[in-house]
Amino acid sequence: MKLSLITSLAVLAIIVAMTWILLQQGKESVIAEMMLRSIAYARSVGEAIYPQPDTFTLHFNTQEMLKEKGVEYALIMDADRRILSHTDSKKIGGIDGGMIALRAAESQKALVQEYFKQGVSYFDISTPVLSGNRRTGTVHIGFTRASVASSLKDAKRQVVVIASIAIVLDILGMILIVGWMLRALPVLARAAQAVGAGRLDMQVDFKMKDEIGQLAQAFNQMVVSLREKEMIRNTFGRYMSKEVVDGFLNGKVSLELGGGELKEMSILMSDIRDFTQFSEKLPPQQVVQLLNRYFTEMVRVIGANGGTVDKFIGDAILAVFGWPTYSEDHAKLAVCAALDMKVRLAVLNDSLVKEGLKPLAIGIAIHSGMAVAGNIGSQEKVQYTVIGDTVNLTSRMESGNKEYGTDLIVSKPVYIATREYFEFKDIGEKLVRGRTEPVHIYAVLGHKPVRPDKPGQKQPRPKSEQRAV
């Protein structure tokens, strides 16, 4: 409709311009016709003026001229501008001293002049009267601009009718043409909305070979690509973090073997205490079910705090914070996740006890440092993971929880980065298996209490200290 309107306005503008040109030409044609009448008028009275004016003939020709269509007045003057004949008999015998008569008397050829009288526009056409080779007078005929417009009334009406028909046909034609051309767009719009709602089985079937057909084909190819990526994301997202899968799909994470990216991150390692003895007393299927319940709760907590589970090592969890999406407060996020893991484990243990099972106990360690994230393995089998001394040290630290009588410890870099948010107990420097240098260990006691802004205001309890029901 917008295109039809614009086209119609363009057609209308062209018609208006052509109408104006045609009316101008019509006006010029009317003036030219009046000029021919004036010349014929002058010729008819040439012999009636000289040598003696023939009053009857002059008056007869003047009255005949008044009968012509559009003529408002006609008059004949002699060489001295004395009126010999006039359609207004009261003016006969007088001398016309006006500028119209003066310029006409001085002109040697037919002359067209426009003037206004009592707010009405007049055209005066004058022609010299010749008797032989001698000029003996001047004839004038006059008509108004309104009479010119009246004479063109039929032409205007025809133009308006033709313009109206042209505009209507143009609008109808454009609606039909554009509607035919764009008939696929509503279908594509509905299909796009369905894809946006998650329906990746949508396909549009248009056999056209024009631009609309190309658009439909591109839409179908887009849906196929989205379906393939979603299948990859859903499939591989069960074996590695969705962040890594998304990095593979958008090209931010390389698929090449080796290389890797050195980044600062925080590593969280958790392990179930005495799980080997615990699992010996249960059937293997029940052990797997129990582990899946435990991992489900822990993975949700880690993800809710911005972490990524890198891998499961038996009953242990290796999680990373600050990778693959970097965050400056990755150490704080890791500690928050660890505290929340303890809360969720307490809820899970309530359920296990009600089922007649022994509750689980875990140990968690967190360390911050530089590590490499990349593809590790061979050409036949590859694993995208994080490696480095930071990862190894976190694993060694976690095994010391039983020795220290703790369930959540961090290294000095984590303590320095988060000490304004959490309360710690200094365990001191401890030797860690596999390292010659001692490591300063801190036990996390919980969130620091928030000081109230006003006296008597209650302090909100951190999420990690609230026992879920």
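The values are calculated or read from the model by the stated rules, or taken from the named source; none is laboratory data. Quick caveat, the model's predicted, so the values are computed rather than measured. Quick reminder, even Gly has a Cβ in these numbers, built from the backbone with ideal geometry, and neighbours come from all protein chains shown. Surface areas here come from the heavy atoms of the whole protein model, side chains and all, with no ligands, DNA or RNA. Shrake-Rupley method; radii C 1.70, N 1.55, O 1.52, S 1.80 Å.
Which of the peptides 311-321, 426-436 is most tightly packed, and how do the rest follow, going by the mean number of other Cβ atoms within 10 Å of each residue?
Result, highest mean first: 311-321, 426-436.
Using the Kirkwood radius over Cα pairs, work out the Stokes-Einstein diffusion coefficient for region 1-83 at 37 °C and 0.692 mPa s, in µm²/s as a whole number.
202
Around Ile95, with a cut-off of 12 angstrom between Cβ atoms, what is the net charge of the other residues, counting Lys and Arg +1 and Asp and Glu -1?
Taking every other residue near Ile95 into account, the sum is 0.
Once each part is reduced to its C-alpha centroid, what is the distance from region 1-76 to region 308-345 in angstrom?
Between the Cα centre of region 1-76 and that of region 308-345, the gap is 98 Å.
What order, most packed first, do the peptides 406-417, 267-278, 12-23 have when packing is the mean number of other Cβ atoms within 10 Å of each residue?
406-417, 267-278, 12-23
Cα-Cα over 31 Å: which of Lys311/Lys425; Lys342/Lys430; Lys332/Lys354; Lys332/Lys402; Lys354/Lys430; Lys69/Lys91?
Lys332/Lys354; Lys354/Lys430
Could you pull the Cα extents of region 283-370 along its three principal axes, largest to smallest, in whole Å?
43, 22, 18
Please work out how much length the chain gains when fully extended from Leu22 to Glu72, using 0.36 nm per residue of separation minus the C-alpha to C-alpha distance, in nm with one decimal.
Contour length minus the Cα-Cα distance gives 15.6 nm.
Ignoring ligands, DNA and RNA, what percent of the accessible area of region 79-134 is carbon or sulfur (1.4 Å)?
So the carbon and sulfur contribution to the accessible surface is 49 percent.
How do Glu355, Glu420 rank by accessible surface area computed with a 1.4 Å probe, from largest to smallest?
Glu420, Glu355
List the trypsin sites (Lys or Arg not before Pro) within region 1-74 that fall in a DSSP loop (any state other than H, G, I, E or B) and whose Cβ has at most 10 other Cβ atoms within 10 Å.
Lys67
Percent of accessible area on region 300-382 owned by carbon and sulfur, 1.4 Å probe?
After summing per-atom areas, the C and S share lands at 55 percent.
Using only protein heavy atoms and a 1.4 Å probe, report how much of Met202 is accessible, in Å² to the nearest 10.
Ignoring ligands and nucleic acids, Met202 comes out at about 40 Å².
Cα atoms only, region 19-158: Rg and Dmax in Å?
15.3, 51
Work through the residues other than Met370 whose Cβ is under 9 Å from its Cβ and net out their charges, Lys, Arg +1 and Asp, Glu -1.
Surrounding charge for Met370 is -1.
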